[in-house]
Amino acid sequence: MLTKLGFIPEQASTLAGRVDALYLFLIGVTIFFSVLIAGLVIGFAIRYRRSRQGKAVQIHGNLALELLWTGIPFVIAMTIFVWSAQIFMTIVRPPDDALEIFVVGKQWMWKLQHLEGRREINELHVPAGRPIKLTMTSEDVIHSFYVPAFRVKQDVLPGRYTTLWFEATKPGSYHLFCTEYCGTEHSRMIGRVVVLEPHEYADWLVGKGPGAAAPAAGAAPAPGAAGPSMADLGKAAFERAACQTCHSVKPEEDAMKVVGPPLHGIFGHSVKLLTGEEVVVDDAYIRKSILEPMSQVVANYPPAMPPYAGRVSEEEILQLIAYIKSLGAPAAASAAAQPAP
C-alpha cells in the first residue's frame, strides 16, 4: 500500500524489506513521541494555566518517574542500534558465492563489465535470485551508485575500490541513479538495472534472448556473443605491457623470472613486504602495485617495477585483476608467502 501511495519505492531485493521495516519503525517512534510531547505541552498549558493555579508546586524528586523516562528511551535506542547494526553487517559483507561485476563511474555515465566479457553503459543486466557483488571505482570525481528498489547505495571513489551487493527477487527494470553531485550533467547520470530469469540471463550473456535485443539509449551495442572474458582481456593487457618478462604466471616459469614475484595463485593470500609488513593480496593491493609499485615492494625482490599510473585505464586495471585472479591456486604452500604483482 505504501508503495502504491508513493511513500516508498517498490521492494525488489532481499535487503529491501529489512531496510523498510527499520525505516518504518523509526518513523513510527518519531511520530509517537512527537504527538506525545506536543499533546503534553498543550495539555499542561491548558490544565496549569495561571488563571487556574497561581503558584507552582515544586517536586523535589520521583525515582520511579526518573527511571521510567530514562529506561524507555534507553531500550528504544538500543533496539535501534542492534537492529541497524545487524542490517549494516549484512549490507557490507557480500556472500562468498556472489556473481562479481565491475563498475567504473565517469562523468557522466556508468560503465559496467561482466566477467564473461559483456560490457554495458548505463544499464546492468543481472539474474534474479543470485547475489550480485559490484566492485566499483571512478575515473574522475566521486559518484554514488543507487538503486532505490534494492535499497542499496554506495559511493564510488577515484583511486580506490568500493563494493556493493544485492540479490534481486523479481524480474523487471529498476531505476539506477548517481546520488552524488558530480558536475554539470549529474542529473543525466541515470540508467537502469534489468533483472532477468536465470535462463534469460544466460542467453543474454551470449547475445541471445529478449534482454539482448533492445539495449537502453546510450548503451554499448550488444555483441553477437559474449566475446573475450575479462580474464582474456586482462591477459592481453598483461602481454601488451610486457609484464611476463618479469613475472611468472605458471609454476614452471618461476626459476626463469626472478625480477618480479610470481603471480600464480596469489590472490587472497598474504605477502611480506620489504618493510616487514604482511598484507593480503586483494583488488586494492593489486591496483596499488600496478600504479605505485615502489609503495609496497615484496621482500626478496628488487624495487625494479616502473609505475603504470597514467599508462593504464581503470578498466584495464580491473581486467588485469580478473586475469591474476584466474591464475589458479599456488603449486606449493610456500608460494602463498612470496608472490605479489
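Does at least one position in segment 58-80 carry a residue that is assigned to a helix (DSSP H, G or I), among the hydrophobic types (A, V, I, L, M, F, W, C) and touching a residue at least 24 places away in the same chain (Cβ under 8 Å)? Among the residues of segment 58-80, at least one is assigned to a helix (DSSP H, G or I), among the hydrophobic types (A, V, I, L, M, F, W, C) and touching a residue at least 24 places away in the same chain (Cβ under 8 Å), which makes the answer yes. Scanning segment 131-143 for residues that are out of contact with any helix residue (DSSP H, G or I) (no Cβ under 7 Å at 6 or more places or on another chain) and surrounded by fewer than 21 Cβ atoms within 10 Å (Cβ to Cβ), we see that the one that is nearest to Asp97 (Cα to Cα) is Pro131.
A residue that is at pLDDT below 95, more than 30 Å from Thr169 (Cβ to Cβ) and not hydrophobic (A, V, I, L, M, F, W, C) cannot be found anywhere in segment 89-100. Taking the stated definitions as given, is Trp108 within 30 Å of Arg188 (Cβ to Cβ) and open to solvent by 80 Å² or more (accessible area, probe 1.4 Å)? When the stated conditions are applied, Trp108 passes them. Here's a check for you: in segment 188-205, which residue that is assigned to a strand (DSSP E or B) and hydrophobic (A, V, I, L, M, F, W, C) is farthest from Leu176 (Cα to Cα)? Per the stated criteria, the residue is Leu196. Here segment 262-286 is the region considered, the condition is being in contact with a Pro (Cβ under 9 Å, 6 or more places away or on another chain) and more than 17 Å from Cys246 (Cα to Cα), and the residue that is most open to solvent (accessible area, probe 1.4 Å) is Leu274. The set of residues in segment 148-178 that are open to solvent by less than 60 Å² (accessible area, probe 1.4 Å), in a loop (DSSP other than H, G, I, E, B) and not acidic (Asp, Glu) comprises Arg151, Leu157, Gly159, Tyr161. In segment 4-13, of all residues being open to solvent by 60 Å² or more (accessible area, probe 1.4 Å) and modelled with pLDDT of 85 or more, the one that is nearest to Ile87 (Cα to Cα) corresponds to Gln11.
Quick one: in segment 306-331, of everything that is open to solvent by less than 50 Å² (accessible area, probe 1.4 Å) and farther than 17 Å from Val103 by Cβ, which residue is modelled with the lowest pLDDT? Of everything passing the filter in segment 306-331, Pro330 is modelled with the lowest pLDDT. Scanning segment 16-53 for residues being closer than 26 Å to Ser84 by Cβ and without any contact (Cβ under 8 Å) to a residue 24 or more places away in the chain gives a total of 14.
The number of residues in segment 234-267 being over 15 Å from Leu320 (Cβ atoms) and either among the hydrophobic types (A, V, I, L, M, F, W, C) or in a helix (DSSP H, G or I) (or both) comes to 9.
Results for (1) open to solvent by 70 Å² or more (accessible area, probe 1.4 Å); (2) closer than 30 Å to Asp283 by Cβ, shown as yes or no for each residue.
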| position | (1), (2) |
| --- | --- |
| Arg18 | yes, yes |
| Thr30 | yes, no |
| Ala38 | no, no |
| Arg50 | yes, no |
| Val57 | yes, no |
| Leu63 | yes, no |
| Val75 | yes, no |
| Phe88 | yes, yes |
| Phe102 | no, yes |
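The values are calculated or read from the model by the stated rules, or taken from the named source; none is laboratory data. The shown structure was predicted, so the numbers you read here are calculated from the model rather than taken from an experiment. Every residue, glycine as well, gets a Cβ built from its backbone with ideal geometry; the counts of neighbours run over all protein chains shown. Only protein heavy atoms, including side chains, enter the accessible area calculation; ligands, DNA and RNA are left aside. Shrake-Rupley method; radii C 1.70, N 1.55, O 1.52, S 1.80 Å.
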